[in-house]
Amino acid sequence: MVEPAAGPLRGVRVLDIATMLGAGHCSSLLADFGAEVIHVELPGRGDSLRGMGPFANGRSLRWAVVGRGKKSITCDLHTTEGQDLVRRLVEVSDVVVENYRPGTIAKWRLGYDELSALNPGVILLSLSGYGQTGPKSHLPGFGRVIEAASGLMNQTGEPDGPPFQMGVPLVDYIAGTFGAMAVSMALYDRSANGGTGQWIDLSLYESVVRLLDSLITREDVLGETPTRMGNRYVNVAPSDVFQTRDGKYVFHSSATHTVYTRLMNAIGRPDLIEDERYATNSARTARGGDINDIVQAWFSQHDLAQAMEVMDRYDVPCSPVNTMTEVIADPQLLERDGLIRRMYAGVGEVLMPGVIPRLSTTPGGVRHAGPEVGEHTTEVLSGLLGLSEEEIARLGEQGVI
């Protein structure tokens, strides 16, 4: 186990009764920055993420990362005694994280009103597909489904092809990040402003919609429905994935006029800097993307190494489209601990993302990779609740833990 530097959330105890990815990512971010996260899992089976690949020696590599830094206890929330144990843990916790359908935890006597009565300072984060209220609140919400519902999926793909889903479960990670931010804000309010506990209603759906700001406003004000454009971008030109002579791919976007000027000088077309057809971004985007074709013609005449040397020389922001093989060998990430290794039972050392953002005084850290199912059950129940060995053994025999 690695003992990280004291993070800014040291002294905060998080009771994570959720499962799967969005809420799991949220609590792992809190653990990264020093919070004590106690993850409650179903006896015998554990978190559903443990059954999600990729696998090594039968062990989920996803769990190694999402479960990192957490303590694992087992407790069956479908039983009265299991609910009683969690209620007692709520009394000594600062935050509770859950991601069940609205109304589910209330049936387990774990709704916000009941938790607040037990601990007025408790912060409850409820992450659901569509939120706790509204006509869709009862629907099951998974990240990929929300990707489609939010319109995000409809923005991805070629104009004449089907919508594409993201290559990673981005919706869950976005919502989990918003969740960690929300918990931190609620903790600050409680501490600095004399606030009490509160209930955070966070939906996967609204988390993604928050990132679609200009698309939403464009539809409303201009009546223009954004469509798929492949790798091109409606608001910036040139902006595309360009193929080099040796079959590699490079991405560039001239997000400012300064960058566009550098690019034109780099590819030997300074004449296009003042040409009225291309002199402004508005003019370039209105021309149907032919500036992208001009840039593509230049890349087609150069191998990747040569093209990148020219781009670097002219200070043009540009990058090869890297594979994971190239990413995990990137000296930039390795030098800054953007990638770290931790031991994972049954597998050995595994590489995973480091802790971000980087805080100068309280940087946080990753204590360990995902724990075994129930690895800390005895430690937590005896240490926090004062249960005896006999009581813990009895609960185990009854299948409560």
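How big is the antiparallel share of DSSP beta bridges in the chain, given as a percent to the nearest 5?
45
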(request) Classify segment 52-177 as rounded, prolate or oblate from the Cα gyration tensor: take a ≥ b ≥ c as the square roots of its eigenvalues, call it rounded if a/c is under 1.5, otherwise prolate when a/b beats b/c and oblate if not. (result) oblate
(request) Could you run the Karplus curve 6.51 cos²θ - 1.76 cosθ + 1.60 with θ = phi - 60° over segment 232-245 and give me ³J(HN,Hα) per residue in whole Hz, x for Gly and Pro? (result) 8, 10, 5, 9, 9, 8, x, 7, 5, 9, 9, 9, 8, 4
(request) Could you let me know the centre-to-centre spacing of segment 358-401 and segment 180-243, using Cα atoms, in angstrom? (result) 35
(request) Estimate the FRET efficiency between Gln301 and Asn235 by the formula 1/(1 + (r/R0)^6), using the beta-carbon distance for r and 25 Å for R0, to the nearest 0.05. (result) 0.35
(request) Please give the residues of segment 341-379, grouped as numeric ranges, whose backbone N is less than 20 Å from a label point set 7 Å along the Cα-to-Cβ vector of Asn57. (result) 341-353, 367-376
(message) Using each residue's phi in segment 147-162, evaluate 6.51 cos²θ - 1.76 cosθ + 1.60 at θ = phi - 60° and report the 3J(HN,Hα) Karplus result to the nearest Hz, with x for Gly and Pro.
(response) 4, 6, 4, 6, x, 4, 4, 6, 8, 10, x, 7, x, 9, x, x
(request) Would you mind calculating the gained length between Val347 and Asn193 on full extension (0.36 nm times residue separation, minus the Cα-Cα distance), in nm to one decimal? (result) 50.9 nm
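Could you list His252, His302, His138 so that the one with the fewest beta carbons within 10 Å of its beta carbon is first and the one with the most is last?
Values: His252 22, His302 19, His138 12.
Neighbour counts put them in this order, fewest first: His138, His302, His252.
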(request) Pull up all non-local amide H partners of Phe242: gap of 5 or more, or a different chain, and H-to-H distance under 5 Å with H placed in the peptide plane. (result) Val250, Phe251, His252
(message) Please compute, over every Cα-Cα pair in segment 138-227, the percentage with a separation greater than 17 angstrom.
(response) 59
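Any chance you could tell me what percent of the C-alpha pair distances in segment 274-401 go past 26 Å? Intermediate results must be reported in sequence, preceding the final value.
Details: 4880 of 8128 pairs.
Pairs farther apart than 26 Å: 60 percent.
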(message) Using the Kirkwood radius over C-alpha pairs as Rh, can you work out the diffusion coefficient of segment 249-320 via Stokes-Einstein at 4 °C, viscosity 1.567 mPa s, in µm² per second?
(response) 105
(message) Rounded to the nearest 20 debye, what is the charge dipole size of the chain about its Cα centre when +1 sits on each Lys and Arg Cβ and -1 on each Asp and Glu Cβ?
(response) 80
(message) Using a 10 Å cut-off around each Cβ, can you sort Leu49, Leu222, Leu385 from fewest to most neighbouring Cβ atoms?
(response) Leu222, Leu385, Leu49
(request) Return the label of the correct value of percent of Cα pairs over 28 Å apart, as calculated from the structure shown, out of (i) 42; (ii) 57; (iii) 65. (result) (ii)
(request) Please determine, in degrees from 0 to 90 and to the nearest 10, the orientation of helix 170-192 with respect to the longest principal axis defined by the Cα atoms of the chain, where the helix direction is its Cα long axis. (result) 60
(message) Of Asn281, Met311, Phe299, which is farthest towards the positive pole of segment 249-320's charge dipole, taken about the Cα centre with +1 and -1 on the beta-carbons of Lys, Arg and Asp, Glu respectively?
(response) Asn281
(request) Mind listing the long-range amide H neighbours of Gly354? Cut-off is under 5 Å, sequence gap 5 or more, other chains count too, H placed in the peptide plane at 1.01 Å from N. (result) Leu339, Ile340
(request) Would you please give the residues with an amide H less than 5 Å from that of Ala56, counting only those at least 5 places away or on a separate chain, with H modeled from the backbone geometry? (result) Leu61
(request) Taking the Cα centre of segment 249-320 as origin, work out the dipole magnitude from +1 charges on Lys and Arg Cβ and -1 charges on Asp and Glu Cβ, in debye rounded to 20. (result) 140
(message) If neighbour count is taken as other Cβ atoms inside 10 Å, put Leu29, Leu42, Leu204, Leu351 in order from fewest to most.
(response) Leu351, Leu42, Leu29, Leu204
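Which FRET efficiency, nearest 0.05, do Ser214 and Glu389 yield, Cβ-Cβ r, R0 51 Å? Can you show the working numbers first?
Numbers: r = 60 Å, r/R0 = 1.17.
The value I calculate is 0.30.
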(request) Order the peptides 331-342, 253-264 from the highest to the lowest mean number of other Cβ atoms within 10 Å of their residues. (result) 253-264, 331-342
(message) Using only the alpha-carbon atoms, how far is helix 21-32 inclined from the longest principal axis of the chain? Give it as 0 to 90 degrees, nearest 10.
(response) 80
(message) Would any residue of segment 291-320 have its amide N under 18 Å from a label point 7 Å out along Cα→Cβ of Gln332? List them or say none.
(response) 304-320
(message) I need the calculated FRET efficiency for the pair Thr325 and His257, taking r as the beta carbon distance and R₀ as 35 Å, to the nearest 0.05.
(response) 0.45
(message) Could you work out how much longer the chain between Ser360 and Glu276 gets when fully extended? Use 0.36 nm per residue separation minus the Cα distance between them, nm to one decimal.
(response) 25.5 nm
(message) If you fit an axis through the alpha-carbon atoms of helix 213-222 and take the longest principal axis of the Cα set of the chain, what angle between them do you get, 0 to 90°, nearest 10?
(response) 60
(request) Could you go through segment 85-93 in sequence order and give the Karplus-derived ³J(HN,Hα) for each residue, using 6.51 cos²θ - 1.76 cosθ + 1.60 with θ = phi - 60°, rounded to whole Hz, and x for Gly and Pro? (result) 4, 5, 4, 5, 5, 4, 4, 10, 10
(message) I need the fraction of alpha carbon pairs in segment 199-245 separated by more than 15 Å, rounded to a whole percent.
(response) 63
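Bear in mind these aren't lab numbers, they're just calculated from the coordinates by the rules spelled out. The structure displayed is predicted, hence computed values, not measured ones. A quick note on method: Cβ atoms are made from the backbone with ideal geometry, for glycine too, and the neighbour counts reach across all protein chains shown.
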